[in-house]
Amino acid sequence: MNEIKRQLNKNMGSTSRRAERIISKVNEQKRQKPQTKKSNRLYYVAFTAFFALAALTIFVMKPWSTNDFNQAFLPSSEENDSSNGEIGEKPNLPLRNYFKQDGDVAYFLGTGNEYASFKETTTWLFYDYVEVQEDNGGAVMQKVYRIKQDAIELVYEEMIEVERKSFTLAQLNQLEPIHTILQPPIANGEIFENKTVTYPVNFQTPYKNYDNIIQITEDVEGGKNHFYYDYGDGLIAEQYIMNDGNEITSVLASINEPPTQTTEEMVSFKNIETKQTEILPLTKLTFLDSLTFYKSNAAQFEMTYEPLRLSKYNETEIGVFRYNCDELNCEMAFAKRSNGELNFGATSAGTIDSFKLSPNLERIIFSITRDENYAGNVLSRTMLLILNIETMQMVIPTSQPFYFDSHLYPITHYDWINDTTIQAEVANISDYESETILKWQQLQEKETKVIEVSLP
């Protein structure tokens, strides 16, 4: 219901606010001239007609756009400037759209420390001034921003001790800018006040997936700050990445409705392709359900996600999550991301050497090598992991399955013969003992053999 109310206010404005302004103007006229019985009757007739016309206009005329609504119903500098007897035309300020709507309450979920989650409340003070309160459970910060044609400036930032500070327009106009938040042109590589713009950027949050958002990066003591802004929803994420690699991340989870996962533990991971940190509820990482030790420590170990470029397969994104890495290998979970959904399938360990799609694009082979230290040498054992893209489950051939379900033998080459047949070149050795593999690796001319298997 709150979301419906938000959309109605976004398109039409608040009728109560409009009515209050009309009544205020009429009362002001009433105070200016003594009323006779006749003038009282005329006043009530005029008031009734005026109010009816205003209400009819609100419900009948064509709905305004978001920007039209803001210009029509939010108080402006000109309307509140007593030095100007006439209401002037409001300036075109596109940067207003990098803030949320008046009265919006946004919920951010965080990882990294206990104060990374916070509640953000947006209040438009005047047409070109907006207040944002951030409550992280430990303190409430009051911030006021000035929106100009060519910049968004932070002009006030203090912790609320007892009650928020109120400002008149004249007082706000006298405030010196603390620093600039955003400044056109919005283009990749632009720099202002030692802040760098990255654009466009894609970012996934629990609220929704965002395309073409702005990333602002600044160097600060001990690390870097990253802020992400959407044209329409404003701030959607912020990160503090420390020089030692630790991160504090907050991402938008919901607007005007408390997020359902506020009590769930959150896990962050780095997207290798976008170089951004994403955040998900721990319960979404279903591949950990059977790994009790890893699940209980998921928030402590570093996790990364790498999308795999499948040039012939564009319907979904296939990727791999890596975690619990050591010097040689990582634990891995294969995932499919499509339309905001995340589904996990097979798991493995080691390093992905390469992968190939079947001719009908229904299956994919991964060559995965798992290294081990033996007698001062690194031995490489490889397996061919076959995934059904629809189910993300492993496909094991009925013949010679040991090449496809565990890391035993070195494999030098593989390929699809057709949709159901695979050919591979493997080490021609009698067993998979470490000493045997070491001797084979040290040969100048390594003997191999070709195997061919059919898939069910």
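Annotations for the structure displayed:
- The number of residues in segment 401-441 that are assigned to a strand (DSSP E or B) and surrounded by 15 or more Cβ atoms within 10 Å (Cβ to Cβ) comes to 9.
- The residues of segment 142-166 that are modelled with pLDDT of 95 or more and open to solvent by less than 60 Å² (accessible area, probe 1.4 Å), listed by number, are GLN142, LYS143, VAL144, TYR145, ARG146, ILE147, ALA151, ILE152, GLU153, LEU154, VAL155, TYR156.
- Matching residues in segment 345-360 - criterion: being open to solvent by 50 Å² or more (accessible area, probe 1.4 Å) and in contact (Cβ under 8 Å) with a residue 40 or more places away in the chain: THR347, PHE355, LYS356, PRO359, ASN360
- Candidate set: segment 382-396, residues that are open to solvent by 20 Å² or more (accessible area, probe 1.4 Å) and in contact with an Asp or Glu (Cβ under 8 Å, 6 or more places away or on another chain); chosen: the one nearest to GLU341 (Cα to Cα): GLU390
- Selected residue [hydroxyl-bearing (Ser, Thr, Tyr), modelled with pLDDT of 85 or more, farther than 20 Å from GLN183 by Cα and in contact with a strand residue (DSSP E or B) (Cβ under 8 Å, 6 or more places away or on another chain)] from THR249, THR217, THR286: THR249
- Residue that is nearest to ILE389 (Cα to Cα) [pool: residues in segment 317-333 that are open to solvent by 30 Å² or more (accessible area, probe 1.4 Å) and either among the β-branched types (Val, Ile, Thr) or touching a Ser or Thr at 6+ places or on another chain (Cβ under 9 Å) (or both)]: GLU317
- The listed residues are ALA170, ALA139, ALA151, and the only one of them that is of a type outside the set (D, E, K, R) and within 30 Å of SER268 (Cα to Cα) turns out to be ALA139.
- Cross-chain or 6+ apart pairs with Cβ under 7 Å, segment 142-161 first and aromatic (Phe, Trp, Tyr), then modelled with pLDDT of 95 or more and not in a strand (DSSP E or B): TYR156/LEU175
- Flag for GLU265 being at pLDDT below 75, more than 30 Å from ILE364 (Cα to Cα) and either surrounded by 20 or more Cβ atoms within 10 Å (Cβ to Cβ) or out of contact with any Ser or Thr (no Cβ under 8 Å at 6 or more places or on another chain) (or both): yes
- Lone qualifier among ASN225, ASN212 - being over 26 Å from GLU302 (Cα atoms) and free of Cβ contacts under 8 Å to residues at least 60 places away in the same chain: ASN212
- Considering the conditions (1) open to solvent by less than 10 Å² (accessible area, probe 1.4 Å); (2) within 18 Å of the chain's Cα centre (by Cα), THR122 is excluded by exactly one of them, (2).
- Filtered residue count, segment 442-456, keeping only those that are part of a loop (DSSP other than H, G, I, E, B) and over 46 Å from the mean Cα position of the chain (by Cα): 6
- Top-ranked residue in segment 334-344 [being in a strand (DSSP E or B) and surrounded by fewer than 18 Cβ atoms within 10 Å (Cβ to Cβ); ranked as farthest from the chain's Cα centre (by Cα)]: PHE344
- Among the residues of segment 361-379, the ones that are outside any loop (DSSP other than H, G, I, E, B), open to solvent by 60 Å² or more (accessible area, probe 1.4 Å) and not β-branched (Val, Ile, Thr) come to 3 in all.
The values are calculated or read from the model by the stated rules, or taken from the named source; none is laboratory data. All values reported here derive from a predicted model rather than from experimental measurement. Neighbour counts run over all protein chains shown; Cβ positions are idealised from the backbone, glycine included. We work out accessible area using only protein heavy atoms, side chains counted, and drop any ligands, DNA or RNA first. Shrake-Rupley method; radii C 1.70, N 1.55, O 1.52, S 1.80 Å.
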